[in-house]
Amino acid sequence: MEKAAFEGWLESVSTTFLALSDQQRNQSLDHLISLSSAAQLRHLSNRLEALLKRDFLRLLPLELAFYLLRWLDPQTLLTCCLVCKQWNKVINACTEVWQSLCRDLGWHIDESIQDATHWKGVYLKANLRMKQLREEDAFETSSLIGHSARVYALYYRDGLLCTGSDDLSAKLWDVRTGQCVYGIQTHTCATVKFDEQKLVTGSFDNTIACWEWSTGAKIQQFRGHTGAVFSIDYNDDLDTLVSGSADFTVKVWSLSSGTCVNTLTGHTEWVTKVHLQKSLVESMMHSPGDYILLSVDKYEIKVWPIGREINCKCLKTLSVSEDRSVCLQPRLQFDGRYIVCSSDLGIYQWDFASFDVIRVIKPQQDPSSLSLLSFGEVFALLFDNHHLYVMDLRTEVTVGRWPLPAYRKSKRGSSFLPGVTSWHNGLDGKNDAGLVFATSMPDHSIHLVLWRENG
């Protein structure tokens with residue numbers, strides 16, 4: 001058939017076809033298909049695939065494609081990367097999608113990094129780390145051996161762990177290598193704190209001492225308590241040392257001279273924890289920048305202003321119950337905005353500006369047997385007699401745990417501590433390394449729980 005005649009015939013057939021009903025059109029197509037050879041059928045198949053299987057991701061504007069991708073779960077998103085090169089390119093270019101997925105896993109997001117490939121890599125690592133937590137494969141253990149008597153005092157800072165023992169010594173350990181860096185002769189240590197130059201120890205002999213690391217010499221002694229000193233804290237800028245004791249008092253000392261400048265009374269039980277911290281919020285009782293002292297006994301948390309006044313007044317007393325059978329655990333956390341303490345009823349969080357209870361977390365485990373180690377914006381680290389627990393604070397669900405040996409128990413809470421705590425505000429791919437938890441053992445060794453290297 002000539003081209004002109006064919007075009008006229010095709011126009012006539014098309015006009016007639018458009019005038020048919022849907023059923024008549026289907027019958028016409030069926031008839032034509034039955035008359036077609038393999039070449040025509042192959043041509044028809046190729047055209048239908050292009051018409052029916054439209055690549056919407058390729059056709060949509062990028063902004064709309066990115067919006068749709070946000071609704072996909074992670075596994076589907078990773079599967080979509082395998083569809084074709086174009087899909088993989090589009091998905092790998094969507095920074096917000098990968099950042100959102102990382103954020104959902106409790107990862108800290110640096111908004112200044114806008115490289116989608118970077119965040120996809122972070123997500124894959126984050127997903128692996130969370131899987132390891134669920135499967136009890138995120139940590140590993142180690143031991144520090146060197147003391148010859150019970151270890152009741154631990155303090156961790158910048159990769160170094162200080163241990164104080166009844167063998168009249170304190171040791172400073174490099175957690176990464178397990179090597180003892182310093183060892184000095186002291187008194188029996190109930191609590192310790194250190195910096196680059198010095199070590200401060202509170203003792204069962206009712207005294208506090210300050211020691212020089214480089215020489216091991218005692219450079220200051222603080223006498224005045226009539227009971228064991230269970231907790232200390234200090235601030236060099238304020239030239240202030242604070243201590244809590246079994247004599248039910250809190251004392252404020254001049255760090256340089258060793259003289260007691262204040263004795264704070266009001267506790268009716270052993271003072272097991274003192275904490276010195278700058279306030280970051282304002283209230284009727286304090287302003288941002290004011291230094292605040294918190295002290296804890298079995299039932300109450302007391303809030304004090306730090307000054308040189310002889311008649312220092314307690315600003316506030318916090319408790320979780322008037323029932324004296326309900327006890328506070330000997331752990332306290334205060335970051336200048338919030339006070340957090342665990343108790344027999346659960347974990348309590350107070351707003352420091354108003355002193356109102358803003359949150360009570362009741363773990364799946366028995367709260368009375370559970371102790372708080374550290375509390376962040378995303379994760380909390382808890383433990384009981386048998387396990388270490390990682391809780392996602394956004395859901396209050398335990399996302400990981402780790403078995404613990406039969407460690408030495410202490411009512412004062414000084415024989416166990418958390419290690420690196422920055423990851424509690426969100427993992428970032430770098431802070432999931434180093435020490436997680438340390439506790440003293442009945443055989444006088446120190447049991448360490450450390451992050452396993454993320455493969």
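Values computed for the structure shown
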| read-out | value |
| --- | --- |
| Filter on Lys218/Lys298; Lys193/Lys302; Lys125/Lys171; Lys131/Lys278; Lys278/Lys362; Lys131/Lys193 - keep pairs with C-alpha separation over 27 Å | Lys218/Lys298; Lys125/Lys171; Lys131/Lys278; Lys278/Lys362; Lys131/Lys193 |
| Magnitude of the charge dipole, the chain, Cβ model with Lys/Arg +1 and Asp/Glu -1, debye to 20 | 440 |
| Listed residues Cys260, Pro403, Met285: farthest to the positive end of the dipole of the chain (Cβ charges) | Pro403 |
| Cut-off 14 Å between beta-carbons: net charge of the residues surrounding Asp443, Lys and Arg +1, Asp and Glu -1 | 0 |
| Three-way shape call for the range 229-354 based on the alpha-carbon gyration tensor, with the a/c threshold at 1.5 | oblate |
| Within straight-line cross-link reach of Lys120, aspartates and glutamates at Cα separation under 12 Å, skipping those fewer than 8 residues along the same chain | Glu96 |
| Cα-based reach from Lys3 at 20 Å (exclusive), listing aspartates and glutamates while leaving out same-chain residues under 8 positions away | Glu11 |
| Interchain or long-range residues, amide H under 5 Å from Tyr338's placed H | Phe352 |
| Size of charge dipole - the range 61-135 - debye, nearest 20, with Cβ of Lys, Arg +1 and Asp, Glu -1, no other charges | 300 |
| Table column - 3J(HN,Hα) (Hz), the range 342-350, Karplus curve with 6.51, -1.76, 1.60, x for Gly and Pro | 9, 8, 5, 9, x, 9, 9, 10, 10 |
| Under the Karplus curve 6.51 cos²θ - 1.76 cosθ + 1.60, θ = phi - 60°, whole-Hz ³J(HN,Hα) for the range 209-225, x wherever Gly or Pro sits | 9, 10, 10, 8, 4, 5, 10, x, 7, 7, 9, 7, 9, 10, 10, x, 6 |
| Accessible area (Å², per residue) of the range 186-332, counting only protein heavy atoms and a probe of 1.4 Å | 41 |
| Test item: Cα-centred dipole of the range 111-177, Lys/Arg +1 and Asp/Glu -1 on Cβ, debye | 120 |
| Fraction of accessible area attributable to carbon and sulfur, the range 61-135 (%, probe 1.4 Å) | 59 |
| Of [x] 24.3, 75; [y] 22.3, 69; [z] 33.1, 118, the label for Rg and Dmax of the Cα atoms in Å derived from the coordinates | [z] |
| MRE, 222 nm, helices only [DSSP H, n ≥ 4, -39500 (n - 2.57), over the chain, to nearest 500] | -7000 deg cm²/dmol |
| Cα-based helix-to-principal-axis angle, 3-19 vs the chain, degrees rounded to 10 | 60 |
| Charge dipole (the chain, unit charges on Cβ, about Cα centre) - positive-most of Ile306, Leu372, Thr16 | Leu372 |
| Amide proton proximity set for Thr240, modelled H, under 5 Å, gap of 5+ | Asn235, Leu255 |
| Sulfur and carbon atoms: percent of accessible area, the range 201-319 [1.4 Å] | 48 |
| Karplus-derived HN-Hα couplings along the range 253-265 (A = 6.51, B = -1.76, C = 1.60, θ = phi - 60°), whole Hz, x at Gly and Pro | 10, 7, 5, 7, 9, x, 8, 7, 9, 6, 10, 9, 10 |
| Whole-angstrom gap from the range 163-227 to the range 340-370, using each part's C-alpha centre | 32 |
| Built amide H within the under 5 Å cut-off of Ser343, gap 5+ | Gln329, Tyr348 |
| Residues of the range 61-135: accessible area per residue with a 1.4 Å probe, Å² | 58 |
| Mean separation of Cα contacts under 8 Å, 6 or more apart, over the residue count of the range 61-135: relative contact order % | 25 |
| Dipole-positive endmost among Tyr67, Ala116, Asn127 within the range 61-135 (Cβ charges, Cα centre) | Asn127 |
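The values are calculated or read from the model by the stated rules, or taken from the named source; none is laboratory data. Bear in mind the structure is a predicted one, so any value in this text is a computation, not a measurement. All Cβ positions, glycine included, derive from the backbone under ideal geometry; neighbour counts span all protein chains shown. We work out accessible area using only protein heavy atoms, side chains counted, and drop any ligands, DNA or RNA first. Shrake-Rupley method; radii C 1.70, N 1.55, O 1.52, S 1.80 Å.
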